[in-house]
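Right, one structure below, let's go through it.
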Amino acid sequence: MMRLIGSMFELRNTEDIFSLALWLAGIGHFCVLIASFQVPSRLHWSEDLKKLTSFNRKLMWVHGAFAVLTIIAFGILTMGLHGEMLRGDRAALGVALFIGVYWALRIAVDFFYYDHKDWPSGRGFIVGHILLTLLFAYLAATNLGLVIWKMCVW
């Protein structure tokens, strides 16, 4: 059984590695959504958003919804354009570049803009933050790595 599984994921060359990495990145985007859907309740948005005006409260929900739609699009595009990305099609690499920059900037915002003393305390929040940051780094590295690899191959 292990031999069968091993042969399914046999990584013979750079393209095989990126092929698997892209499938995992596509799935990874949907994993980000698992955390995203927990944010309103775990961070007590219902209490905090009551302090905002009706317009600002709606604005926060709309921005959140657009962030979720963007992440869904990233997952769908990563899996739907898998072959095009591996071939190095320019439009697909443009998408990969945008996704990679998006997640790299998300990490930068975390480290340089958010004040970590404001983060919720508790082991669950700390572990979740670390895991999400690692996932963001994987998504950035996979997409940017693909673009760099394809640029070097050209």
- Filtering segment 102-126 down to residues that are farther than 17 Å from residue 147 by Cβ, among the aliphatic types (A, V, I, L, M) and either open to solvent by 70 Å² or more (accessible area, probe 1.4 Å) or modelled with pLDDT under 95 (or both) yields 126
- Tally time: how many residues in segment 14-44 are over 17 Å from the mean Cα position of the chain (by Cα) and within 18 Å of residue 69 (Cβ to Cβ)? 1
- Message: If the requirement is being open to solvent by 50 Å² or more (accessible area, probe 1.4 Å) and either basic (Lys, Arg) or out of contact with any His (no Cβ under 7 Å at 6 or more places or on another chain) (or both), which of these qualifies: 99, 76?
- Response: 76
- Query: Scanning for something under 26 Å from residue 18 (Cα atoms) and over 19 Å from the mean Cα position of the chain (by Cα), does segment 107-118 turn up at least one residue?
  - Reply: no
- Hits in segment 127-153 (condition: loosely packed, with under 10 Cβ neighbours inside 10 Å and without any contact (Cβ under 8 Å) to a residue 12 or more places away in the chain): 152
- Task: Take segment 127-139 and flag every residue that is more than 11 Å from residue 28 (Cβ to Cβ) and in contact with a Phe, Trp or Tyr (Cβ under 8 Å, 6 or more places away or on another chain).
- Result: 129
- Which numbered condition residue 84 fails, given (1) surrounded by 15 or more Cβ atoms within 10 Å (Cβ to Cβ); (2) in contact (Cβ under 8 Å) with a residue 12 or more places away in the chain; (3) farther than 22 Å from residue 137 by Cβ: (2)
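Yes or no, residue by residue, for (1) open to solvent by 50 Å² or more (accessible area, probe 1.4 Å); (2) modelled with pLDDT of 95 or more; (3) out of contact with any strand residue (DSSP E or B) (no Cβ under 8 Å at 6 or more places or on another chain); (4) among the charged types (D, E, K, R):
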site	(1), (2), (3), (4)
5	yes, no, yes, no
14	yes, no, yes, no
25	no, yes, yes, no
31	yes, yes, yes, no
41	yes, no, yes, no
58	yes, no, yes, yes
66	yes, yes, yes, no
- Hey, could you check segment 43-56 for residues that are among the aliphatic types (A, V, I, L, M) and either over 27 Å from residue 126 (Cβ atoms) or open to solvent by less than 60 Å² (accessible area, probe 1.4 Å) (or both) and say which is modelled with the highest pLDDT? 52
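The values are calculated or read from the model by the stated rules, or taken from the named source; none is laboratory data. From a predicted model like this one, the values you see are computed outputs, not experimental measurements. No Cβ is skipped: glycine too gets one built from the backbone with ideal geometry, and neighbour counts run over all protein chains shown. These accessible areas exclude ligands, DNA and RNA; they are computed on the full protein's heavy atoms, side chains included. Shrake-Rupley method; radii C 1.70, N 1.55, O 1.52, S 1.80 Å.
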